[in-house]
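Read-outs throughout are calculated quantities, based only on the coordinates presented, and are distinct from any laboratory measurement. Since we're looking at a predicted model, the values are computed, not measured. Glycine also receives a Cβ, built like all others from the backbone with ideal geometry; neighbour counts cover every protein chain displayed.
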Amino acid sequence: MTDTKSLELPKNIQWQQWVERWDRMQERYLVQRDERIKLLVRLVCEAVSPVSRVLDLGCGTGSLMQPFLDAFPEAEIYGIDFDPVLLPLAQQRLRSYGTRSQLILADMRSEDWQAKLPKIFDAVISATALHWLTEVQ
Ligand SMILES: C[S@@+](CC[C@H](N)C(=O)[O-])C[C@H]1O[C@@H](n2cnc3c(N)ncnc32)[C@H](O)[C@@H]1O
């Protein structure tokens, strides 16, 4: 499920190519990105049990959500992001997971961004996103 229904990608867009391109671009910024993502999955696996609900802050195209959906086949994985292009790409990428993948369009700088989310998560994850947020004065 997702609340990005109004944010459709342009027709005939090759979304797989854009998702791959995004991952290639991110790999240039983050050394050993794949290994780090695998490590994050392992850390959650070893530190939390059971894992029923996970939140990815600044999920982008869902690169982090997908390995969590695969690793925890009973879990719901939520992703939040404010980008109206990246989120529909995530929607395409993760659509085969059905309602286990939940995408939320919201700006984490807004006061009420958490209102769109369940109250409890077993783990909160993030990759290269939190540095965009400044401390509240
Ligand atoms: C460098 S990208 C990383 C995306 C994804 N985590 C990954 O590893 O591929 C940073 C992400 O944070 C999101 N982001 C930045 N500031 C945000 C905010 N205030 N609210 C929601 N999302 C935000 C951006 O839209 C972008 O998708």
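Between Leu39 and Gln114, the FRET efficiency from the beta-carbon distance, with R0 = 30 Å, is close to 0.65. Considering only Val48, Leu69, Ala127, and ranking their Cα positions along the charge dipole of the chain that arises from unit charges at the beta-carbon of Lys, Arg, Asp and Glu, the one farthest toward the positive end is Leu69. Ignoring aspartates and glutamates fewer than eight residues from Lys38 along the same chain, the ones with Cα atoms less than 20 angstrom from its Cα are Glu20, Asp23, Glu27, Glu46, Asp56, Asp70, Glu74, Glu76, Asp122.
Taken over the C-alpha atoms, the chain has Rg and Dmax values of 14.5, 45 angstrom. Rounded to the nearest 20 debye, the dipole size of the chain about its Cα centre is 300 debye, using +1 on the Cβ of Lys and Arg and -1 on the Cβ of Asp and Glu. The simple Förster model, with R0 at 22 Å and r as the Cβ-Cβ distance, assigns Leu133 and Tyr29 a FRET efficiency of 0.80. Convex hull volume per residue, computed on the Cα atoms of segment 25-66, equals 76 Å³. Footprinting exposure proxy ranking of Ile77, Ile104, fewest other C-beta atoms within 10 angstrom first, gives Ile104, Ile77.
Rounded to two decimals, the Cα radius of gyration of segment 28-102 over 2.2 N^0.38 Å is 1.07. Taking other C-beta atoms within 10 angstrom as a stand-in for reagent exposure, Tyr97, Tyr78, Tyr29 fall in the order Tyr29, Tyr97, Tyr78, fewest first.
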